[in-house]
Amino acid sequence: MSDSDEQIFTPEVLERVTSATLMGMGAPADLAHLVAESLVLSNLVGHDSHGIIRLMEYSGWVKAGTLIPHARPEVLWKREGTALIDGHWGWGQATAALANTTVIELAKEFGSATVVLRQSHHIGRMGEYVDQMADAGLMGIAVCNTGGAVVAPFGGVKPVLGTNPFAWGLPGPQGHNYVLDFSTAVVAAGKVVLAAMNGEEIAPGSLIDKNGNPSTRAADLEEGGALLTFGGHKGSGMSVLIDVAAGVLSGNMPATLADNGFGNGTIFMATDISRFVELSMLQSISQLFEGKMKGSSPSAGPKVLLPGEHESNVFGSRSQKGIAVSNGVRKNIVGLASEFGVSLPEFE
């Protein structure tokens, strides 16, 4: 069986495997369960780059002492519609969960709210959080300056920026939300790492090697290459604003100035839609709008998808059929779990 061959696992098995591995790293059971749920949810919606593959990255931080597995986040202060959350360099998903609860609470009270996360590790897939804001009847926006410069700015050939993702969520019709979530790089760094692990190439126009030459070889990123920003100067400009705003407000610093290489300086913003329009009206108009969007599809070929619709479709499919995990990823997780004294019989 090659490393690219796959096996199918249920979400429940993956959550147990992930929780056990995290507890082996020193996470309390409740935090391990929270992080495991978040990682497997990423797999469920089709973003495997932010799923259980992240255990490899997290284990490295634990071994290096930069991720404190028993640390718990806290609200340092609240002032009107603003708050600061300190993750104490514990699990980023736990920090983001507390920040999300806080921003939702404050937006409901004040109409809009902004919450900043400091000393936060990787928070996972940002769409998860703006989706939760939308579930609460809010419009949610999240921006994140990612530690470690791996993206070249437009016109440059050296890594200066982080991948600096952006997410925007809005309640949609019929109980599903509109969720836009993307890296300001052409491709998320995690997808390149996953491709390298599976011996795959990445799409042209996404990566340059250490000499500034176009490349499709995923391993070139780890060997001194750089990702490119989406949309040329537009994505580059957006990445710059995220790097500076989220980097400075959180204290994480812009990627090229930071000395840690792993933090997620993050800003969550939420607005209570009901202050401006009844939620039912937004959903009713969205339903009409969605019909127009769908009606613009050609009679044959690809159909128009709304933001978040692909993830919703994949979630439905994988919830029923299970989640495919490559042999390469599985072997790596089994190996790292054993380093922490954890056996994973369900995964072997």
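The values are calculated or read from the model by the stated rules, or taken from the named source; none is laboratory data. Nothing here was measured: the structure is a model prediction, and the numbers come from that model. Reconstructed Cβ throughout: ideal geometry from the backbone, glycine too, with neighbour counts over all protein chains shown.
Just one of the listed residues (Thr10, Thr18) is crowded, with 23+ Cβ neighbours inside 10 Å, modelled with pLDDT of 95 or more and under 17 Å from Arg330 (Cβ atoms), and it is Thr18.
The residue pairs whose first member lies in the range 146-175 and is without any contact (Cβ under 8 Å) to a residue 60 or more places away in the chain, whose second member is among the basic types (Lys, Arg), and whose beta carbons are closer than 7 Å, counting only pairs six or more residues apart or on different chains, do not exist in this structure.
Being touching a His at 6+ places or on another chain (Cβ under 8 Å), in a helix (DSSP H, G or I), surrounded by fewer than 20 Cβ atoms within 10 Å (Cβ to Cβ) and in contact (Cβ under 8 Å) with a residue 12 or more places away in the chain narrows it down to one residue among Glu109, Glu57; which is it? Talk me through it step by step, then tell me what you get.
Working: Glu109 fails: touching a His at 6+ places or on another chain (Cβ under 8 Å).
Only one candidate passes the filter, namely Glu57.
Checking Gly247 against (1) part of a helix (DSSP H, G or I); (2) out of contact with any Leu (no Cβ under 9 Å at 6 or more places or on another chain); (3) crowded, with 19+ Cβ neighbours inside 10 Å, only one condition comes out false. Which one? Looking at each condition in turn, Gly247 falls short on (2). Would you mind telling me which numbered condition in (1) free of Cβ contacts under 8 Å to residues at least 12 places away in the same chain; (2) surrounded by 13 or more Cβ atoms within 10 Å (Cβ to Cβ); (3) assigned to a helix (DSSP H, G or I) Ser312 fails? Ser312 satisfies all of (1) free of Cβ contacts under 8 Å to residues at least 12 places away in the same chain; (2) surrounded by 13 or more Cβ atoms within 10 Å (Cβ to Cβ); (3) assigned to a helix (DSSP H, G or I) except (1). Would you check if Gly26 is at pLDDT 95 or above, surrounded by fewer than 23 Cβ atoms within 10 Å (Cβ to Cβ), closer than 19 Å to Val342 by Cβ and out of contact with any Cys (no Cβ under 7 Å at 6 or more places or on another chain)? It is true that Gly26 is at pLDDT 95 or above, surrounded by fewer than 23 Cβ atoms within 10 Å (Cβ to Cβ), closer than 19 Å to Val342 by Cβ and out of contact with any Cys (no Cβ under 7 Å at 6 or more places or on another chain).
Of the residues Ser280, Ser297, Ser274, only one is of a type in the set (Ser, Thr, Tyr) and at pLDDT 95 or above; which? Steps first, answer last, please.
On the way: Ser280 fails: at pLDDT 95 or above; Ser297 fails: at pLDDT 95 or above.
Just one listed residue meets the conditions, Ser274.
For the range 315-348, give me each residue that is part of a loop (DSSP other than H, G, I, E, B) and loosely packed, with under 15 Cβ neighbours inside 10 Å. Walk me through how you get there before you give the answer.
Residues of the range 315-348 that are part of a loop (DSSP other than H, G, I, E, B), as a first pass: 322, 340-344, 348.
Gly341, Ser343, Glu348 - these are the residues of the range 315-348 that are part of a loop (DSSP other than H, G, I, E, B) and loosely packed, with under 15 Cβ neighbours inside 10 Å.
Candidates are the residues of the range 139-162 that are in a strand (DSSP E or B) and of a type outside the set (A, V, I, L, M, F, W, C); the one that is surrounded by the most Cβ atoms within 10 Å (Cβ to Cβ) is Thr146.
Each residue in the range 97-133 was checked for being on the phi < 0 side of the Ramachandran plot and under 17 Å from the mean Cα position of the chain (by Cα), and 20 pass.
State yes or no: is Leu34 assigned to a helix (DSSP H, G or I) and either more than 17 Å from Ala96 (Cβ to Cβ) or over 17 Å from the mean Cα position of the chain (by Cα) (or both)? Answer is no for this residue.
Is there a residue being within 14 Å of the chain's Cα centre (by Cα) and among the charged types (D, E, K, R) anywhere in the range 39-55? Checked against the condition, which is being within 14 Å of the chain's Cα centre (by Cα) and among the charged types (D, E, K, R), the range 39-55 yields at least one hit. Is it fair to say Asp181 is closer than 21 Å to Leu44 by Cα and buried (at least 20 other Cβ atoms within 10 Å of the Cβ)? Here the answer is yes, as Asp181 does meet what is asked. In the set (1) out of contact with any helix residue (DSSP H, G or I) (no Cβ under 8 Å at 6 or more places or on another chain); (2) assigned to a loop (DSSP other than H, G, I, E, B), the condition left unmet by Ser120 is number (1). Do you know which residues across the range 197-227 are small (Gly, Ala, Ser) and either within 13 Å of Lys158 (Cα to Cα) or crowded, with 19+ Cβ neighbours inside 10 Å (or both)? Matches in the range 197-227: Ser206, Gly212, Ser215, Ala218, Gly224, Gly225, Ala226.
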